[in-house]
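A quick write-up on the structure given underneath.
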Amino acid sequence: MTSLEAAWWFAPGLLINIYSTFIRSSETRSFYASAAIRYDSSSKQPHVIPNFSMPTWSLKHFHDLTPRELYAILALRMDIFIIEQACLYQDIDGKDLPCLHLMAWNDDQTLAASARIVPPGVTFDEPSIARVTVARRDRGTGLGRELMLRAIKECVRLYPHLAIQIGAQLYLRDFYSSLGFRPVGEIYNEDGIPHLHMIRPAS
């Protein structure tokens, strides 16, 4: 391993240590202060942000990601799941390697949204969609729904006869229900945040 490669693989752990020092205390933490995806269940309509431009989409296997793309994905996930939701957990879980990674890029080359498509047998018997993230400045535009629709379409293309199972944060149950997912099992706690298994039947 070259010194450059060693520095690159060391970087995520260093970032976690840096980010963890800025996490709010447990007295002020709020798991529902803001969502990775903002969804208005009353109006079913996205809030339109002025001057919003359509993102550029890309889908890549982990091994095809550039260092810049991987850095952007990890940074966005850390910003949302660790910093914003004040939850210190191991985001780099070893499951990214067999996954496809769906990305939406802004005109300024910042990552607007991402998700990973997890093959069957990695997390569940079914394929899964996980680490669904939308950058703070890009919320309320319908981007989260578009992200999920594209991920679902890819799952159906790859695994046409299989259902899709996800581990959803509880406060996003209505959002995922609107995409055809149905709750299964009991609510469970994962890293201090209520979750619920949900399944979308095979088409």
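The values are calculated or read from the model by the stated rules, or taken from the named source; none is laboratory data. Treat the numbers as computed from the prediction; the structure is a model and nothing was measured. So basically every Cβ, Gly included, is an ideal-geometry build from the backbone, and we count neighbours across all protein chains shown.
With respect to the conditions (1) over 12 Å from the mean Cα position of the chain (by Cα); (2) assigned to a loop (DSSP other than H, G, I, E, B); (3) in contact (Cβ under 8 Å) with a residue 12 or more places away in the chain, ASP93 falls short on a single one, namely (3). Is it the case, given these coordinates, that ASP64 is surrounded by 17 or more Cβ atoms within 10 Å (Cβ to Cβ) and modelled with pLDDT of 95 or more? Criteria not met by ASP64. For region 83-96, the criterion of a residue being within 17 Å of LEU179 (Cα to Cα) and of a type in the set (S, T, N, Q) is satisfied by no position.
Within region 168-183, is even one residue among the basic types (Lys, Arg), buried (at least 17 other Cβ atoms within 10 Å of the Cβ) and not in a helix (DSSP H, G or I)? No. Reported count of residues in region 155-167, each being buried (at least 17 other Cβ atoms within 10 Å of the Cβ) and either basic (Lys, Arg) or not in a loop (DSSP other than H, G, I, E, B) (or both), is 4.
Against the definition (touching a Lys or Arg at 6+ places or on another chain (Cβ under 9 Å), farther than 22 Å from LYS60 by Cα and among the small types (Gly, Ala, Ser)), how does GLY140 come out, yes or no?
Values: touching a Lys or Arg at 6+ places or on another chain (Cβ under 9 Å): yes; farther than 22 Å from LYS60 by Cα: yes; among the small types (Gly, Ala, Ser): yes.
Taking the combined requirement at face value, the residue satisfies it.
As a summary of the residue check, LYS95 satisfies the conditions (1) of a type in the set (Lys, Arg); (2) closer than 28 Å to GLY140 by Cβ; (3) out of contact with any His (no Cβ under 8 Å at 6 or more places or on another chain) except for the one numbered (2).
Is there a residue in region 193-200 that is closer than 22 Å to ILE73 by Cβ and within 16 Å of the chain's Cα centre (by Cα)?
Within region 193-200, one or more residues are closer than 22 Å to ILE73 by Cβ and within 16 Å of the chain's Cα centre (by Cα).
Does region 188-199 contain any residue that is touching a Phe, Trp or Tyr at 6+ places or on another chain (Cβ under 6 Å) and either among the charged types (D, E, K, R) or assigned to a loop (DSSP other than H, G, I, E, B) (or both)?
So the first thing to find is which residues in region 188-199 are touching a Phe, Trp or Tyr at 6+ places or on another chain (Cβ under 6 Å), and the list is 191, 193, 195, 198.
Retained after the next criterion (residues that are either among the charged types (D, E, K, R) or assigned to a loop (DSSP other than H, G, I, E, B) (or both)): 191.
Yes, there is a match, as at least one residue in region 188-199 is touching a Phe, Trp or Tyr at 6+ places or on another chain (Cβ under 6 Å) and either among the charged types (D, E, K, R) or assigned to a loop (DSSP other than H, G, I, E, B) (or both).
Within region 122-171, the set of residues being touching a helix residue (DSSP H, G or I) at 6+ places or on another chain (Cβ under 7 Å) and either in contact (Cβ under 8 Å) with a residue 60 or more places away in the chain or farther than 23 Å from ASP79 by Cβ (or both) comprises PRO127, VAL132, THR133, VAL134, ILE164. The residues in region 101-135 that are under 13 Å from LEU70 (Cα atoms) and not in a strand (DSSP E or B) can be counted, and the count is 1.
The set of residues in region 73-111 being farther than 21 Å from TRP57 by Cα and among the hydroxyl-bearing types (Ser, Thr, Tyr) consists of TYR89 alone.
Restricted to region 184-203, and to residues that are under 23 Å from ILE83 (Cβ atoms) and of a type in the set (D, E, K, R), which residue is surrounded by the most Cβ atoms within 10 Å (Cβ to Cβ)?
The initial filter retains those residues of region 184-203 that are under 23 Å from ILE83 (Cβ atoms), namely 189-195.
If we keep only those that are of a type in the set (D, E, K, R) too, we end up with 190-191.
On the way: GLU190: 11, ASP191: 14.
Selected residue: ASP191.
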